[in-house]
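Asks: Here it is, the structure in full.
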Amino acid sequence: MGLEQALGDSFLTTKLEDAINWCRKNSLFPMPMGISCCAIEMMAFAGPRFDAARFGSEVFRFSPRQSDVMIVAGTTTFKMAKVVRKIYDQMPDPKWVIAMGACTSSGGMYRTYSVVQGIDLFLPVDVYVAGCPPRPDNLINALLTLQRKVQKGESKGSSTAIIGDFTTHRHPVPSAG
Amino acid sequence: MNHVVVEKLKTRFADAAFEFSEFRAELTVVVPKEIITEVCQYLKEAPELTYDSLSDLCGIDMNTPAKRFGVIYNLYSLATKHRIRLKTFCEEEDPTVPTVTGVWGTANWHEREAYDMFGMDFQGHPDLRRMYMPEEFEHFPLRKDFPLMGIPGSLPLPKK
């Protein structure tokens, strides 16, 4: 609506890449990897008060196959790391990871044998969020940071550039049947 | 109530080497590990005692040359609302303790936890597997000689 008012009967030119990235950044479906207390703040982030839907991150997908960004929210133990990685591997390219909170980003206060000292030891992380736990506003800030990265076509985890070559997959898709 | 327990144990197990101690009206009994199952069975079933609830069972590493590892039993009686604590110790070379799963079913997971963290072998336990750590893990993390940050390479991470 705003566009017609600004441009009248005129038209707009852009690159296909930019148009697709613009679509992507405004429809980032999160995969809620809520492992511990950060998940409570992540729920508030999605709920009506903070309302991540305002930024197009409308719907939490509880299936990795339908989601774009994994929000790892909580202390990740070595035992859980295998699970997190397995779920991440099932997400289709292009994909992003937000490391939410001190434990996820660095091990936090759990400097001990059982906790992974930062999930970037086994996952490519795009955005880190500070806090223990971070406020939902802070997670919204991370989402906006991620949107800027998506617009520029950056992704740590996707093998292909965000746009273009869909023929090579980092994790080959098994053929059906 | 404490002296009743002491008297009854002394009468029933006359030749056993118990050590009784009391602190702030809490009774602690150190029991030789060979008779721990019988003592527990008796404390549960004796009519005036009826310690029918095992509220906790945990392991301990005393880090001493003799009697290094121990198991602590916290008992509670729903009828008399009274608590006592049992302790039993075993040597580092022979870290075996008889199981009490036959007395209280809840001891099953508690003993698995103690085994996972300290490596005590609960003899007669029906299913002595690790509780928290991965099955293939080879160390016992709550032993005093285990480094805080773990042993490098003992817990593999997925490839990046």
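The values are calculated or read from the model by the stated rules, or taken from the named source; none is laboratory data. Just so it is clear, the structure is predicted and the values come from calculations on it, not from any experiment. Neighbour counts run over all protein chains shown; Cβ positions are idealised from the backbone, glycine included. All accessible areas refer to the heavy atoms of the entire protein, side chains included, with ligands and DNA or RNA removed. Shrake-Rupley method; radii C 1.70, N 1.55, O 1.52, S 1.80 Å.
Asks: Considering B:L86, B:L78, B:L43, which residue is open to solvent by less than 60 Å² (accessible area, probe 1.4 Å) and outside any helix (DSSP H, G or I)?
Replies: Values: B:L78 fails: open to solvent by less than 60 Å² (accessible area, probe 1.4 Å); B:L43 fails: outside any helix (DSSP H, G or I).
Matching residue, one of B:L86, B:L78, B:L43: B:L86.
Asks: Here's something else I'd like to know. Which condition number does A:C23 fail, the rest of (1) open to solvent by less than 30 Å² (accessible area, probe 1.4 Å); (2) hydrophobic (A, V, I, L, M, F, W, C); (3) not in a loop (DSSP other than H, G, I, E, B) being met?
Replies: (1)
Asks: Next up: How about region B:118-151: which of its residues are open to solvent by less than 40 Å² (accessible area, probe 1.4 Å), aliphatic (A, V, I, L, M) and within 11 Å of chain A (Cβ to nearest Cβ)?
Replies: In the first step, residues of region B:118-151 are kept if they are open to solvent by less than 40 Å² (accessible area, probe 1.4 Å); the result is B:118-120, B:122, B:125, B:130, B:133-134, B:137, B:141, B:146, B:150.
So of that shortlist, the ones also aliphatic (A, V, I, L, M) come out as B:120, B:133.
Selection gives B:M133 alone.
Asks: Let me ask something else about it. Could you run through region A:64-115 and say how many residues are of a type in the set (S, T, Y) and without any contact (Cβ under 8 Å) to a residue 24 or more places away in the chain? Give the steps one after another, and end with the answer.
Replies: First, the residues of region A:64-115 that are of a type in the set (S, T, Y): A:67, A:75-77, A:88, A:104-106, A:110, A:112-114.
Then drop every residue that is not without any contact (Cβ under 8 Å) to a residue 24 or more places away in the chain, which leaves A:106, A:112-113.
So the count comes out to 3.
Asks: Given the structure, is B:I72 in contact (Cβ under 8 Å) with a residue 60 or more places away in the chain and not in a loop (DSSP other than H, G, I, E, B)?
Replies: Details: in contact (Cβ under 8 Å) with a residue 60 or more places away in the chain: no; not in a loop (DSSP other than H, G, I, E, B): yes.
No, not satisfied.
Asks: Do we have any residue at all in region A:88-108 that's among the aromatic types (F, W, Y), within 14 Å of chain B (Cβ to nearest Cβ) and surrounded by 19 or more Cβ atoms within 10 Å (Cβ to Cβ)?
Replies: Here is the first cut: in region A:88-108, the ones among the aromatic types (F, W, Y) are A:88, A:96.
Those left that are additionally within 14 Å of chain B (Cβ to nearest Cβ): A:88.
Narrowing further to those that are surrounded by 19 or more Cβ atoms within 10 Å (Cβ to Cβ): A:88.
So far as region A:88-108 goes, yes, one or more of its residues are among the aromatic types (F, W, Y), within 14 Å of chain B (Cβ to nearest Cβ) and surrounded by 19 or more Cβ atoms within 10 Å (Cβ to Cβ).
Asks: Within region A:60-79, can one find any residue that is touching an Asp or Glu at 6+ places or on another chain (Cβ under 9 Å) and open to solvent by less than 10 Å² (accessible area, probe 1.4 Å)? Can you show your working first?
Replies: Step one: filter region A:60-79 for residues touching an Asp or Glu at 6+ places or on another chain (Cβ under 9 Å), giving A:61, A:64, A:69, A:73.
Those left that are additionally open to solvent by less than 10 Å² (accessible area, probe 1.4 Å): A:69, A:73.
Yes, region A:60-79 has at least one match.
Asks: In region B:10-24, is there at least one residue being touching a Ser or Thr at 6+ places or on another chain (Cβ under 8 Å), surrounded by 13 or more Cβ atoms within 10 Å (Cβ to Cβ) and more than 24 Å from B:M131 (Cβ to Cβ)? Break it down into steps so the answer makes sense when it comes.
Replies: Initial filter on region B:10-24 (touching a Ser or Thr at 6+ places or on another chain (Cβ under 8 Å)): B:20-22.
With surrounded by 13 or more Cβ atoms within 10 Å (Cβ to Cβ) added as a condition, the list becomes B:20.
Checking the rest, the ones that are also more than 24 Å from B:M131 (Cβ to Cβ) come to B:20.
Yes, some residue in region B:10-24 is touching a Ser or Thr at 6+ places or on another chain (Cβ under 8 Å), surrounded by 13 or more Cβ atoms within 10 Å (Cβ to Cβ) and more than 24 Å from B:M131 (Cβ to Cβ).
Asks: Let me ask you something else. Return the pairs, sorted by first residue and then second, in which the second residue is open to solvent by 60 Å² or more (accessible area, probe 1.4 Å) and part of a helix (DSSP H, G or I), the first residue lies in region B:30-57 and is β-branched (V, I, T), the beta carbons are less than 8 Å apart, and the residues are 6+ apart or on different chains.
Replies: From region B:30-57, the pairs are B:T50/B:K44.
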